[in-house]
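For reference, the structure discussed in these notes is given below.
Only the coordinates and a few stated rules stand behind these numbers; no lab work does. Just so we're clear, the structure is a prediction, and the values are computed from it rather than from any experiment. Counting neighbours? That spans all protein chains shown, and the Cβs are built from the backbone with ideal geometry, glycine included.
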Amino acid sequence: MERTWRLDDGERVRTITGVRRPDWQGMTDPCPDCGARAFRHVATSGGRYECVDGVVTRRTDYWDAGADLLTQCLDCDAVLYKHPAFELCVAILDGAVKW
Ligand SMILES: [Zn+2]
């Protein structure tokens with residue numbers, strides 16, 4: 001399933017897409033298009049951070065904010081999962097979108 005969203009920041013209208021393949025459940029499954037088992041994967045990580053005695057500590061036991069952003073087959077480049085925020089993150093990092 002692919003779904004698109006229109007974003008209007010007042011200067012430009014941009015379309016972002018999200019992909020969720022119903023024939024692929026996760027990285028224990030082979031690529032449904034070519035059968036490969038190697039993937040390009042991008043994810044976020046985060047959580048609660050505290051500074052104690054000058055040392056920054058991440059407490060994943062308290063709150064973990066990880067999320068998958070993209071999974072793509074390394075052999076055939078099929079996009080198996082793409083969070084809609086992935087395109088926006090890349091556009092911001094590339095400077096195509098200012099914020
Ligand atoms: Zn593949």
* Matching residues in segment 1-11 - criterion: being loosely packed, with under 12 Cβ neighbours inside 10 Å and touching a residue at least 24 places away in the same chain (Cβ under 8 Å) -> R3, D9
* Filter segment 24-63 for residues that are in a strand (DSSP E or B) and within 16 Å of the ligand (Cβ to nearest atom); which is surrounded by the most Cβ atoms within 10 Å (Cβ to Cβ)? -> F39
* Return the total of residues in segment 64-92 being within 15 Å of the ligand (Cβ to nearest atom) and part of a strand (DSSP E or B). => 8
* **Every residue from segment 65-77 that is surrounded by 16 or more Cβ atoms within 10 Å (Cβ to Cβ) and under 15 Å from G18 (Cβ atoms)** => L69, L70, T71, Q72
